[in-house]
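Before any comments, here is the structure.
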Amino acid sequence: MFRRSIGLLPVMSALVLAGLICHRKPAVEPGTVQWMLDEDFCTDCSPAISSDGTIYIGSLDGGLYAINPDETVKWRYSLDEAVYSSPAIGSDGTIYFVSTDDCLYAVNADGSLRWRRAMEEDVNPTPALGVDGTIYLHAADSSLLAVNPDGTLRWRCQTGRGWSCPAPSVGSDGTIYVASDALYAVTPEGALAWRCRAANVVWSPPAIGADGEVYVAADGGLWAISRDGAIR
């Protein structure tokens, strides 16, 4: 009996292996669409992704969506206004965004409201975050606003003449860069560090390299500016 059982082992092993092969998921080709969220909204803003993989995106149907990596909706924070904002995520998981009612919202990771601040002027809907949690917004009059993590205004710095107000960018040393009629560098304390007239009007948000150089697209060209404000 023992010998006959031994003889069956190769056959059973082969059957198990065949079953595993038959139920193995097919390989996914690179660039294959994994899923598309079929909801009644469309948006032009970029999503933000948290460390746990949750995807946050604003919608034109009036709300901020939190979406799991498997396409299921985790929660929706409902508003009466559209959200064109690309959200920013704090180190504690708080999500910051601006809606078309010109209010800055701070929403907890569970979808509950932490606070809401009405802005006194039109602002670019995409905030930037400092390493200390400060929220930076570029206003339509080209002033830079710094908001504390509790929603109170820290400071305001005038940085241009209101021709454009792309989203600000924050360097690794805490310097905030904003563009309008020129590129401006502002210290974390709200003081103007320097101004560089790279072009007549800069419409794009600044990009910051690992070495601290700042890049902006303007007047049909790409400008590289050193961290001290000199054009390369």
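The values are calculated or read from the model by the stated rules, or taken from the named source; none is laboratory data. All values derive from a computational prediction rather than experimental measurement. Cβ sites come from the backbone with ideal geometry, for glycine too, and all protein chains shown count toward neighbours.
Overview of results
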quantity	calculated
Selection count, the stretch 78-90, where residues are modelled with pLDDT of 95 or more and either among the aliphatic types (A, V, I, L, M) or assigned to a strand (DSSP E or B) (or both)	2
The stretch 68-77, residues that are part of a strand (DSSP E or B) and farther than 20 Å from D92 by Cβ	V73, R76
Answer from G151, G190, G133, G160 - the residue that is surrounded by 19 or more Cβ atoms within 10 Å (Cβ to Cβ) and not aromatic (F, W, Y)	G160
Qualifying residue in the stretch 103-111 (condition: outside the structural domain of G62 (by TED's automatic domain parsing), under 26 Å from W75 (Cα atoms) and in contact (Cβ under 8 Å) with a residue 12 or more places away in the chain)	no
Per-region count, the stretch 50-67, residues polar (S, T, N, Q), more than 13 Å from G111 (Cα to Cα) and in contact with a strand residue (DSSP E or B) (Cβ under 8 Å, 6 or more places away or on another chain)	2
Unique match (being surrounded by 14 or more Cβ atoms within 10 Å (Cβ to Cβ) and in contact with a Pro (Cβ under 6 Å, 6 or more places away or on another chain)) among Y177, Y184	Y177
Checking V178 against (1) among the β-branched types (V, I, T); (2) in a strand (DSSP E or B); (3) under 16 Å from the mean Cα position of the chain (by Cα), the condition it does not meet	(3)
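One line per residue, one yes/no per condition, for (1) in a loop (DSSP other than H, G, I, E, B); (2) touching a Leu at 6+ places or on another chain (Cβ under 8 Å); (3) modelled with pLDDT of 85 or more:
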{"position": "Q34", "(1), (2), (3)": "yes, no, no"}
{"position": "L37", "(1), (2), (3)": "yes, no, no"}
{"position": "F41", "(1), (2), (3)": "yes, yes, no"}
{"position": "S46", "(1), (2), (3)": "yes, no, yes"}
{"position": "T100", "(1), (2), (3)": "yes, no, yes"}
{"position": "G111", "(1), (2), (3)": "yes, no, yes"}
{"position": "T126", "(1), (2), (3)": "yes, no, yes"}
